[in-house]
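Written out below as structure tokens is the structure these notes cover.
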Amino acid sequence: MRSRALHPGAWWAWALALAVAASRTTNPLLLGLIIAVAGFVVANRRTDAPWALAFRLYVYVGALIVASRVLFRILIGGDDGGHVLFTLPRVPLAAGLSLFGPASAEELLGGFYDGLRLATMVVCVGAANALANPKRLLKAVPGALYEVGTAVTVALTVAPQLVESVQRVRRARRLRAGRSRGLRAVKGIVVPVLADAMDRSLRLAAAMDSRGYGRRAYLGTRLRALIAACVLAGLVGVCVGVYGVLDGTSSWLGVPLLAAGLTVAVVGFVLGGRRVRRTAYRPDPWRWPETLVVAAGVGACALLFVTARIDPDRLFPSLSPLRWPEVSWAHVLSLLVAVLPAFVAPRVSEVVR
């Protein structure tokens with residue numbers, strides 16, 4: 001029996017659950033574990049498709065985020081009475097503000113922790129982009145979000161296509177004995193990559209036009225207004241509900257508002273699906289491997305939330321007084337559940353493309 005590619009929605013649900021788990025801690029050891037889990041799954045289950053080559057680019061973006069947050073802490077300076085590592089000449093500005101000055105270990109570590117948390121979330125999104133086929137994901141988008149989903153899909157393929165274009169241009173330059181380093185090499189790569197991106201955009205626009213993109217079924221004015229109101233109100237409710245769940249300070253702002261927002265949004269999706277007449281060729285089935293992948297990501301996130309009540313102090317390392325980050329085995333085991341897709345998802349060599 002031939003294997004099949006996993007549903008792209010399962011990979012995105014798994015990766016987003018990991019990103020939510022990363023947002024609940026600033027412990028660099030746990031964040032490093034999340035990055036390691038995402039990288040291990042990507043290394044074992046990605047294909048050789050163009051979108052699978054962009055994971056390294058997301059890692060570089062994450063490293064840039066961490067460096068920029070630390071440099072920003074150095075730029076604004078700070079004199080909180082902590083352990084001063086070095087002092088730069090202060091540059092006074094207007095309204096009592098100044099740049100540079102003493103840089104303490106507490107300030108730099110605070111910037112590093114915040115930057116690493118954001119970088120981990122970016123790496124999780126990169127893992128989803130490397131594992132899921134964005135074009136197949138478009139087939140699973142509800143009819144009400146078909147056009148928005150198409151725009152998002154095109155945006156998600158920008159980074160993988162740029163990576164593929166750069167590799168192809170560099171390969172061609174090596175075959176022609178061109179310069180592979182230096183400023184001239186950069187100029188010789190950027191122009192062909194931009195030209196290739198323009199050609200891809202024109203081909204995509206022509207393909208979308210030939211397939212009737214943007215054609216809608218007729219709907220009355222009131223029904224269109226009702227659909228727009230349901231979708232907008234539902235998405236706002238979901239956003240506020242997710243904030244309430246993550247914040248945890250209000251009982252009614254979290255789960256109840258999230259459930260209400262999801263209900264209203266589903267109603268809008270069902271009604272809005274009537275205005276788009278489209279069919280899906282060979283739709284992706286949802287079977288037990290997809291369920292296990294989603295359960296692994298959501299389970300790891302849920303277990304981290306539960307164990308956070310048992311030992312919350314180790315999720316956020318102390319900066320005052322300054323202490324070495326510590327981890328709890330409960331938190332580690334909770335996050336290790338997310339590595340399950342590396343074993344239950346179909347192997348790359350078994351996937352029929």
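Tabulated results
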| item | result |
| --- | --- |
| Accessible surface ranking that places the most exposed of H7, H83 first, with a 1.4 angstrom probe | H83, H7 |
| Calculated FRET value between A49 and L175, using beta carbons and R₀ = 22 Å, to 0.05 | 0.45 |
| Computed label-point distance, nm, for sites V306 and A260 using a 7 Å Cα→Cβ extension | 2.9 nm |
| Relative packing of peptides 194-200, 32-38 - highest average C-beta neighbours within 10 Å first | 32-38, 194-200 |
| Label-point separation, D199 to A36 (7 Å along Cα→Cβ), nm | 4.4 nm |
| Solvent-accessible area of T221 with every protein chain in place, 1.4 Å probe, in Å² to the nearest 10 | 100 Å² |
| FRET efficiency, L64 to R323 (Cβ-Cβ, R0 22 Å, nearest 0.05) | 0.20 |
| W11 accessible area, 1.4 Å probe, all protein chains in place, Å² to nearest 10 | 10 Å² |
| FRET efficiency estimate (nearest 0.05) - Cβ-Cβ, L71 to L29, R0 25 angstrom | 0.60 |
| Largest to smallest accessible area among E164, E326, E290, E106 [probe 1.4 Å] | E326, E164, E106, E290 |
| Long-range HN-HN contacts of L99 with modeled amide H, under 5 Å | V91, L93 |
| Exposure of D311 as accessible area (Å², to 10), given a probe of 1.4 Å and all protein chains | 40 Å² |
| Theoretical gain in end-to-end length, V242 to T87 [0.36 nm per residue, Cα-Cα removed] | 51.7 nm |
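The values are calculated or read from the model by the stated rules, or taken from the named source; none is laboratory data. Small disclaimer: the values here were computed from a predicted structure and weren't measured. Positions of Cβ are backbone-derived with ideal geometry, glycine not excepted, and every protein chain shown enters the neighbour counts. Keep in mind that these areas ignore ligands, DNA and RNA; they rest on the heavy atoms of the full protein, side chains included. Shrake-Rupley method; radii C 1.70, N 1.55, O 1.52, S 1.80 Å.
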